[in-house]
Every structure is written in C-alpha cells, then in structure tokens.
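Peer 1: Sharing a structure below in structure tokens format, with a few things to ask.
The values are calculated or read from the model by the stated rules, or taken from the named source; none is laboratory data. A quick note: this is a predicted structure, and the numbers were derived from the prediction, not measured. Quick reminder, even Gly has a Cβ in these numbers, built from the backbone with ideal geometry, and neighbours come from all protein chains shown. When the accessible area is computed, the model is the full protein with side chains, heavy atoms only, and any ligands, DNA or RNA have been set aside. Shrake-Rupley method; radii C 1.70, N 1.55, O 1.52, S 1.80 Å.
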Amino acid sequence: MNVSAPSADSLRAALAGLLDGLPPNRAAQAVERLIANYRGTTPTDAPVLRDRSDVAAYAAYRMPATFEAVRGALGALRGAAPDWEPRTHTDVGGGTGAASWAVAEAWGERPPHTVVLDWAEPALALGRELAAGALDAEWRTARIGGALRLADTDLVTVSYVLKELTPADRTALVTEAARAARTVVVVEPGTPDGYERIIAARTLLVDAGFTVAAPCPHSGACPIEPGTDWCHFAARVSRSSLHRQVKGGSLPYEDEKYAYVVATRFPVTPAVSRVTRRPQIRKGLVLLELCGRDGLARETVTKRHGPLYKRARDTGWGDTWPPEDTD
C-alpha cells in the first residue's frame, strides 16, 4: 500500500481501507473485546493482538490516538532540543507503528531509520503494509520484556507498552532503553496508574544520568503529592466511523488523555513552566495552572498584561509558559 509523506492525514488515509471486507459488527466486537483486555489485567505471556481481524480493527480505532499522543511528546522534545535530529530510532512494542509515523512526521525532511519491535507478528505485518512507501522502517519480531536487548540508537520510543508488562519487566525495559539510546520517550495512558508508570520510568532515566527534557521544567522530584493528583495532557483526535460505531458518540472528535516523559543524554532547554490543565478563560482574565522549576503554581493573566493576555487566551493545555517571544 503506497501512501503520501507521514502525517495525521496520510495515516488516516492508509487506515481507511483496513476494514474492507470485515463486517462492521465484527470490527466493533473486536475493538470492544480488546479495549476490555487492555483495561483489565493483560496477560504478559502472549500478544493481545491475535490475528489480522484483531489488528485491523484495533489499528483503525487506536492508531490515530496513539499517533497524536506521541506527536505531542515529540513536539515537546523538539521545543527543548530544536537542533537535534535522530538518525536512528527503535520503536519498542511498536505494533502497527503509530509512534514510528509520529517520529517520521516530526523529522519529516530527514526522518530517521526506524526499527519496530513487537511480539505480535500480525501487528508487524499490518504495520509493514501500512508503512510501504511512507516510512524508512524495518519490522522485527521480538519478545518485549526484561530479556530484550536493544542495539545502540539515537531515539527509543516506548508508547502504551508498560502496562502490558510486569513491574520487573518494566524496570528492565526502561533500564535497557536508557543504556541503548541518547533520547528515550515513554508514553502511557493519561490515568493515575499510567502516570505512576511514567514517574517510575522517569526516576529510572534520571538515575541513569538522563536529563528530563519534557514535560517537566526540571529533573528533580515531581511536585505532585502522590495520590492527590496526576500529570497528564490531552490530544485532539478526529473520530473515524468505527470510533462513532463503538462509542455511540456524535462528536467528530475526542480527546486522548496521555502521560509522558522525554529524557536525553545531551543538554536541552526545558520549558520555564508548562500548563498542566486546560486554561480557564473568564471575562477579562485567564487562569493558568503551571508546573515550574519551583513547583506548582497558578498564574492569573488579565487584560492589563497587554499582549501577554492575548497569548494566554491562545495557550493550550501542555504548552510552555511564558511564550518565548513575549517579555
């Protein structure tokens, strides 16, 4: 299947034909079963995606959301290290390759060579088919867990994988990623337990000598008191007909909640602070919840702040603050 340059639109176009010949009810049933599996206790001794029907249904349903979440994390990385370009990339547990599409888009003029590792051969086969003509990628079968050994690479992505592993295997995998890569990007669902997995991965990366590039403005301890809140962000995702069929929703979009950490072995310029909740726009003012180098804070920006007020109204959840071009 030949597609255009990697982007959200070209990914959706490549996904559009996946469900041809698969009865809509069967696709919806496959998605519902797989969602229940992911939300429950997932076995760690077998792939969740069993055959092409599973893979096609779940890819059409989940790839756009995973793509947008990883895209958000990579955007933060590029903001902290605008001149850095990876030449090699390993997508651990990459399945059908959503993170690999996001990486290729992020460095579109000179995308890195990608190796996608996953233990579900049907997912790799479909990912290879989707990426034909779009990604410079290899697709390899590998058991994702504590025994995995990675070749040295510039960038490792681990997206929506850690929940599928035992705690011991999570630790081993992140430790191995830190050994092999110059930059590690870990993305998990934006839930309290997803955030806990991100914090554990962040701690391992910092202990291995990495610098946190995003979303945090520093590499010190997270200022959120455990059990009181969790750090996460949202990415807007266009809903496909399968999304609407499974969820019964009428809106043309939904928000994918995700948590992430980006860490590097080279100097970066993290945000001074980052917006950690959707800004509250009131008459004549904007309330910003921020995480900065001195911890959590709230900033009120009013019309009296002049141009900064307009910038605050245009600022989104997850953005850096203050804008670099505004004093």
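Peer 1: Give the residues of the stretch 284-306 that are of a type outside the set (Gly, Ala, Ser) and closer than 17 Å to Ile224 by Cβ, sorted by residue number.
Peer 2: Within the stretch 284-306, Leu288, Glu289, Leu290, Cys291, Arg293, Asp294, Leu296, Arg298 qualify.
Peer 1: Identify all residues within the stretch 66-95 that are among the acidic types (Asp, Glu) and either part of a helix (DSSP H, G or I) or at positive phi (or both); write none if there are none.
Peer 2: Glu68
Yes or no, residue by residue, for (1) of a type in the set (Asp, Glu); (2) at pLDDT 80 or above:
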{"position": "Val3", "(1), (2)": "no, no"}
{"position": "Ala28", "(1), (2)": "no, no"}
{"position": "Asp54", "(1), (2)": "yes, no"}
{"position": "Thr66", "(1), (2)": "no, yes"}
{"position": "Gly75", "(1), (2)": "no, yes"}
{"position": "Glu85", "(1), (2)": "yes, yes"}
{"position": "Gly97", "(1), (2)": "no, yes"}
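Peer 1: Separate question: Search the stretch 82-95 for residues being in contact with a helix residue (DSSP H, G or I) (Cβ under 6 Å, 6 or more places away or on another chain) and closer than 20 Å to Thr264 by Cβ, and hand back the single one that is surrounded by the fewest Cβ atoms within 10 Å (Cβ to Cβ).
Peer 2: His89
Peer 1: How many residues are over 20 Å from Arg110 (Cβ atoms) and not aromatic (Phe, Trp, Tyr) if we restrict to the stretch 133-150?
Peer 2: Residues that pass the stated criteria total 11.
Peer 1: Determine whether Arg149 is open to solvent by 40 Å² or more (accessible area, probe 1.4 Å) and at pLDDT 95 or above.
Peer 2: Spelling it out, Arg149 is indeed open to solvent by 40 Å² or more (accessible area, probe 1.4 Å) and at pLDDT 95 or above.
Peer 1: Just give me the residues in the stretch 96-134 being open to solvent by 30 Å² or more (accessible area, probe 1.4 Å) and in a loop (DSSP other than H, G, I, E, B), in sequence order.
Peer 2: Those that are open to solvent by 30 Å² or more (accessible area, probe 1.4 Å) and in a loop (DSSP other than H, G, I, E, B): Gly108, Glu109, Arg110, Pro111, Trp119, Ala132, Gly133.
Peer 1: Look at Val185 and say whether it is within 23 Å of Gly79 (Cβ to Cβ) and open to solvent by less than 30 Å² (accessible area, probe 1.4 Å).
Peer 2: Spelling it out, Val185 is indeed within 23 Å of Gly79 (Cβ to Cβ) and open to solvent by less than 30 Å² (accessible area, probe 1.4 Å).
Peer 1: Ala56 passes all but one of (1) buried (at least 20 other Cβ atoms within 10 Å of the Cβ); (2) farther than 21 Å from Ala142 by Cα; (3) more than 18 Å from the chain's Cα centre (by Cα); which number fails?
Peer 2: Unmet for Ala56, out of (1) buried (at least 20 other Cβ atoms within 10 Å of the Cβ); (2) farther than 21 Å from Ala142 by Cα; (3) more than 18 Å from the chain's Cα centre (by Cα): (2).
Peer 1: Follow-up. Scan the stretch 281-296 and tell me whether some residue there is open to solvent by 60 Å² or more (accessible area, probe 1.4 Å), of a type in the set (A, V, I, L, M, F, W, C), farther than 26 Å from Tyr160 by Cα and without any contact (Cβ under 8 Å) to a residue 40 or more places away in the chain.
Peer 2: Yes.
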